[in-house]
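Here is the structure we will look at.
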Amino acid sequence: MRLVKTHGSLNEIFALDAVPSAWESDAQLREFVRRVCDRGSWTGGSDGIYLYDAGGANAQAWFFNPDGSSAEFCGNGMRGLGRLILDLRGTGTEVVNSGGRDYTVHRAPSTPEGVRQVLLELPPLRFGDGGLPAPFERFTAVAVPNPHVIAVVEDYSEPALIELGKRADEVFAEGANVSFLQPLGDTVAPEVFVRTFERGAGLTPSCGSGVVASRAAYSRVSGLDPAERLVVRNAGGVAVASIQVRDGAWYPVLEGNATVVYRAAVDLAGNQAGPLDWAADENAAYATLDERNTARLKEHGIQTAHP
């Protein structure tokens with residue numbers, strides 16, 4: 001089976017050309033996921049994996065967190081998977097179904113450094129109704145469709161985010177991704193910093209669904225026009241997010257890198273079945289952008305690290 005490690009803003013997600021029924025049982029599939037996503041394994045690990053079938057008119061995809069649990073969707077993973085399907089079919093636009101919803105991916109211009117970009121259109125998001133329980137009373141709840149709670153903060157605290165991220169599993173029946181958003185107010189164009197503690201994965205360099213959920217929450221809190229393109233900086237990179245409002249529904253649009261780290265082969269037990277073919281040029285191009293983003297965050301005194 002072909003295993004490709006991709007990343008969106010250094011949120012590493014595998015894409016595997018296989019369907020869940022390839023494993024004899026659900027338990028074997030989840031053990032496979034845990035094994036290949038393990039940071040100590042031959043793969044180097046990841047923040048999750050997309051299984052996919054590109055044989056039909058629209059590709060079908062299934063996302064799993066590194067602990068083996070399933071999730072409806074992964075924004076950064078969809079960028080990487082979408083890029084692979086665009087390349088496979090030689091097209092400019094494709095539709096991928098994940099968790100029962102359709103996501104549209106478009107080929108976008110590469111950066112001057114040669115970093116591949118993808119524009120992703122998501123189904124409408126949904127704001128939570130009513131108040132949230134302690135200690136999340138001042139957060140905004142957004143489903144993308146996976147659940148997020150977001151707080152706009154004046155100063156980012158990574159220990160506080162980690163603590164609240166762990167509490168989310170206790171407070172919310174299905175868990176929730178927890179994000180802090182800090183506005184960066186010294187630029188002409190709107191710009192913010194976002195970091196997310198993801199359910200089933202923990203603290204990651206970035207979270208695509210967290211970016212668009214935070215983008216929506218920021219408009220709710222600040223009054224910023226949802227359609228305005230907002231630069232969102234993560235610990236692992238930069239994305240641009242906006243919201244198209246149609247008939248009262250909010251449709252997120254996310255644009256950012258879709259970088260291939262390497263290609264490999266794997267068997268159903270999670271063992272290496274071929275050499276790792278590293279995408280050296282892509283990785284070098286992205287490293288330049290990552291250095292600039294890190295320097296920008298330091299200018300604002302934001303203390304964070306790639307986990």
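The values are calculated or read from the model by the stated rules, or taken from the named source; none is laboratory data. Quick caveat, the model's predicted, so the values are computed rather than measured. Glycine also receives a Cβ, built like all others from the backbone with ideal geometry; neighbour counts cover every protein chain displayed. Only protein heavy atoms, including side chains, enter the accessible area calculation; ligands, DNA and RNA are left aside. Shrake-Rupley method; radii C 1.70, N 1.55, O 1.52, S 1.80 Å.
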Can you give me the orientation-averaged projected area of the convex hull built on the Cα atoms of segment 110-165, in nm²? 6.4 nm²
Scoring segment 1-124 by relative contact order with C-alpha pairs under 8 Å, at least six apart, yields a percentage of 20 percent
Which log10 I(q)/I(0) values does segment 197-252 give at q = 0.15, 0.18, 0.28 Å⁻¹ under the Debye formula, counting every alpha carbon as one identical point scatterer? -0.45, -0.62, -1.12
When only DSSP loop residues count, what GluC sites (Glu not before Pro) in segment 208-307 have their Cβ near at most 14 other Cβ atoms within 10 Å? Glu228
Two-site label geometry, Ser41 and Ala305: point separation in nm, points 7 Å out along Cα→Cβ: 2.5 nm
Cα-based Rg of segment 1-86 per 2.2 N^0.38 Å, rounded to two decimals? 0.99
Bins of 5 Å from zero: percent of alpha-carbon pairs in segment 72-117: 5, 22, 30, 24, 13, 4, 2, 0
Chain lengthening between Asp67 and Asp277 when straightened (0.36 nm per residue, less Cα-Cα): 73.0 nm
Residues Arg101 and Thr288, FRET efficiency given R0 of 51 Å [Cβ-Cβ distance, rounded to 0.05]: 0.90
FRET efficiency estimate (nearest 0.05) - Cβ-Cβ, Gln244 to Glu24, R0 45 angstrom: 0.55
Stokes-Einstein D for segment 157-265 (10 °C, 1.306 mPa s, Kirkwood Rh from Cα pairs), in µm²/s, comes to 106 µm²/s
Let's test this: bin the Cα-Cα distances of segment 227-307 at 10 Å from zero up to the farthest pair and state each bin's percent. 15, 29, 28, 21, 7, 0
Note down the net charge around Ala213, summing +1 for each Lys or Arg and -1 for each Asp or Glu among other residues with Cβ under 11 Å from its Cβ. +3
Largest first, please: the extent of the C-alpha atoms of segment 8-53 along each principal axis, to the nearest Å. 32, 23, 13
Compute log10 of I(q)/I(0) for segment 19-134 with the Debye formula, placing one identical point scatterer on every Cα and leaving out solvent, at q = 0.10 Å⁻¹, to two decimals. -0.37
Considering every Cα-Cα pair within segment 138-216, what fraction, in whole percent, is farther apart than 15 Å? 51 percent
Quick check: the distance between the Cα centres of segment 222-256 and segment 14-72, to the nearest angstrom? 28 Å
From the phi of every residue in segment 208-218, what ³J(HN,Hα) in whole Hz does the Karplus formula 6.51 cos²θ - 1.76 cosθ + 1.60 yield, where θ is phi - 60° and glycine or proline is x? x, 5, x, 5, 6, 5, 5, 4, 5, 4, 5
Over all directions, the average projected area of the alpha-carbon convex hull for segment 78-171 comes to how many nm²? 8.8 nm²
Report the label-to-label distance for Glu158 and Val221 in nanometres (one decimal), using points 7 Å from each Cα along the Cα→Cβ vector. 2.0 nm
Regression test value, accessible area per residue of the chain, probe 1.4 Å, units Å², expected 41 Å²
At R0 = 22 Å the Cβ-Cβ FRET efficiency linking Val231 and Glu113, nearest 0.05, sits at 0.80
Which trypsin sites (Lys or Arg not before Pro) from segment 225-307 combine a DSSP loop assignment with at most 16 other Cβ atoms within 10 Å? Arg229
Tell me which residues come under 5 Å, amide H to amide H, from Gly48 once H is placed; ignore anything under 5 positions away on its chain. Phe14
Based on the alpha carbon coordinates of the chain, what radius of gyration and maximum Cα-Cα distance (Dmax) apply, in Å? 18.2, 55
Can you pull the percent of the chain's accessible area that's carbon plus sulfur, 1.4 Å probe, other chains left in place? 49 percent
